[in-house]
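This report refers to the structure that appears directly beneath it.
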Amino acid sequence: MSDEIEWWDYDDAKEMAEAVAGDVQFIIESAIDARGAAVVALSGGKTPIPIYDKLARAKLDWKRVTIVPVDERIVPLGDPLSNVTMIGKAFIPKGARVIPIVSQSTADHKAAGRAADAIMQDLHWPLDLCLLGVGADGHTASIFPGPDYDEALNGPRERRALGVMPDPLPVEAPVPRVTLSRQGIVTARALMIAVTGAEKRRVIEQAIAQGPSSPYPIGRVLADAELPVDIHWAP
Ligand SMILES: O=C(O)[C@H](O)[C@@H](O)[C@H](O)[C@H](O)COP(=O)(O)O
């Protein structure tokens, strides 16, 4: 477990969005300075939308920025549930390269996972940043309990992404997913979480206290993180 997990508390989601967007901007600038390019994985869901709105207004050399979703619901592009569609709306107009990791709806989530892994393998690793969200049930990315859970947590080191069939399917988006694996997440040069609400905070605090035996996916991921992790929180 990273011995540095730091909480950053804000008065509201707007203040959090400004701070997180500033941190992400700095990470992207540093990568562009060092390497001429940045590769970041951004979470889906609703919480980060204000962060992305703010970040998209940053003065950055966006053409040098590649963005992938941390995880994706297996739905067609443009679907209201599609994470990359939400991310693309913010950053494609800026000139960033936003890469879908699911190209079509398919019943074969494992094949979708292999295709996503192949796309991820082509990126520059380690990722410069992985920005995670957390569900009130303790999931992060699309690492959920179910038949693919062990593979998501303990699959081969070089496997970056895989297909998962959550069991039960999450109510907010009841579809199979592809997700970065735990290895894909924890190898990022910077690992950040952005969440709102007392319930998620309680779950994350419990998960950290439980350590590697946590029943929560976020606990299992944090237990494997070696670099400092910043958790940004607003009520
Ligand atoms: O595709 C997804 O579902 C996500 O990437 C997921 O891990 C998300 O971050 C959490 O479910 C929190 O979602 P909210 O921000 O909408 O609560």
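We did not get these values from a lab; they are worked out from the coordinates using the rules stated. None of these values were measured; they are calculated from a predicted model. Here the Cβ positions follow ideal geometry from the backbone for every residue, glycine too, while neighbour counts run over all protein chains shown.
Lys-Lys pairs in the chain that are eight or more residues apart or on separate chains and whose Cα atoms lie under 20 Å of each other come to 15.
Please identify the trypsin sites (Lys or Arg not before Pro) of segment 1-63 that satisfy two criteria: DSSP loop assignment and at most 10 other Cβ atoms within 10 Å. Which are they? Mind dumping the intermediate values first?
Details: sites: Lys14, Arg35, Lys46, Lys54, Arg57, Lys59, Lys63; in loops: Lys46, Arg57, Lys59.
In loop regions of segment 1-63 (DSSP not H, G, I, E or B), the sparsely surrounded trypsin sites (Lys or Arg not before Pro) are Lys46, Lys59.
The GluC sites (Glu not before Pro) of segment 1-53 meeting both criteria, a DSSP state outside H, G, I, E and B (loop) and at most 11 other C-beta atoms within 10 angstrom of the site's C-beta, are Glu4. Take the Cα of Ile49, step 7 Å toward its Cβ, do the same at Leu81, and the gap between the two points is 1.7 nm.
Based on DSSP H assignment, which helices of the chain show an axial Cα extent of at least 15 Å together with a mean Kyte-Doolittle hydropathy greater than or equal to -0.5?
Values: long enough: 13-35 (32 Å, 0.30); 109-121 (18 Å, -0.28); 198-210 (18 Å, -0.64).
Taking the DSSP H segments of the chain (at least 15 Å long, mean hydropathy at least -0.5), we get 13-35, 109-121.
Calculate the FRET efficiency for Arg57 and Arg189 from the Cβ-Cβ distance with a Förster distance of 25 Å, rounded to the nearest 0.05.
Working: r = 24 Å, r/R0 = 0.96.
So, using R0 = 25 Å, E works out to roughly 0.55.
Cα-based radius of gyration for segment 5-234, normalised by 2.2 N^0.38 Å, reads 0.93.
Only loop residues by DSSP count here, and only those with at most 15 other Cβ atoms within 10 Å; note down the trypsin sites (Lys or Arg not before Pro) in segment 154-186 that meet that.
Arg157
The residues packed around Gly88, meaning those with a beta-carbon under 13 Å from its beta-carbon, carry a net charge of +1 if Lys and Arg are +1 and Asp and Glu are -1.
Size descriptors for segment 1-125: radius of gyration and Dmax over Cα atoms are 15.4, 43 Å. Note on the chain: with a GNM built from Cα contacts shorter than 10 Å, the maximum mean-square fluctuation among Gly184, Gly95, Gly113 falls on Gly95. Here the residues Met16, Met86, ranked from fewest to most Cβ neighbours within 10 Å of their Cβ, fall in the order Met86, Met16. The shape of segment 1-57 comes out oblate: with a ≥ b ≥ c from the C-alpha gyration tensor, a/c is at least 1.5 while a/b does not beat b/c. For a paramagnetic label modelled on Ala111 (point 7 Å from Cα along Cα→Cβ), amide N atoms under 20 Å away belong, within segment 148-188, to 148, 161-166, 175-179.
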